[in-house]
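Single-structure report; data block below.
Derivation of every value follows stated rules applied to the coordinates shown; laboratory data play no part. Keep in mind that what you see is a predicted model, and the values were worked out from it rather than measured. All Cβ positions, glycine included, derive from the backbone under ideal geometry; neighbour counts span all protein chains shown.
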Amino acid sequence: MDVLTDGGFLWYLNRATGLVVLALMTLTIVLGVLVHRQVALPGLPRWGTVGLHRGAGLVSAVLLVVHVVSAVVDGYVRISWLDAVLPFVAGYEPFWVGWGTLAVDLAAVVVLTSLLRGRLPLRAWRAVHLTSYALWPLALAHGLGAGTDLGSGWLLGGVVACAVAVAIASGVALAGRRRARPPLERAPDALAQARAALASGRPAAAVRNR
């Protein structure tokens, strides 16, 4: 009960959710690259990987809200509700807390556009969704500067492992985009394949995703 009454609970909740959010962001990025590359995890169909990607992103967003609320309500340091949405104005470590605020704002935009995906142009949704790659370095900068947990020990090792995973995933995604032909260059080939399919009597689904 002492932990609950002296504010210790909120302090531990804030630190724990921050660490878990960073790990889930790493998982979301890695799974997102697998989805984009149409790679299925062992024992799962491709839609299972998509589900894990969306689930990890959703849970990280929920825990991010808990992280922010616990920081404001705790009162251990001077962080207001305005500081949670307006970067670099906090009374405590304004520079480092500001990076976390930017991550919160960006996460809110990504989640909102994902919920409205069916009503947005595909290019607009993709452009916003790609900005989610910036969430990880923003969250890391916030955690290293404003927190006291990530600078040493096994937590630092975990952060390094997450950084390596994100770097590899981002490199794979960037390499894939560079190798991909622009849509205008793919259009003639796709049209030719469709014509060949119609001429041979093959169903259109055979060339739909080529």
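With a cut-off of 14 Å between beta carbons, the residues surrounding V21 carry a summed charge of 0, where Lys and Arg count +1 and Asp and Glu -1.
The largest-to-smallest principal axis extents of the Cα set in segment 1-160 are 48, 33, 29 Å.
When the Cα gyration tensor is reduced to axis lengths a ≥ b ≥ c, the ratio a/c is 1.5 or higher for segment 71-170, and with a/b not above b/c it is classed as oblate. When you count the other C-beta atoms within 10 angstrom of each residue and take the mean per peptide, 39-46, 8-15 line up highest first as 8-15, 39-46. A simple count of charges around A139, restricted to other residues whose Cβ falls under 14 Å of its Cβ and scoring Lys, Arg +1 and Asp, Glu -1, yields -1.
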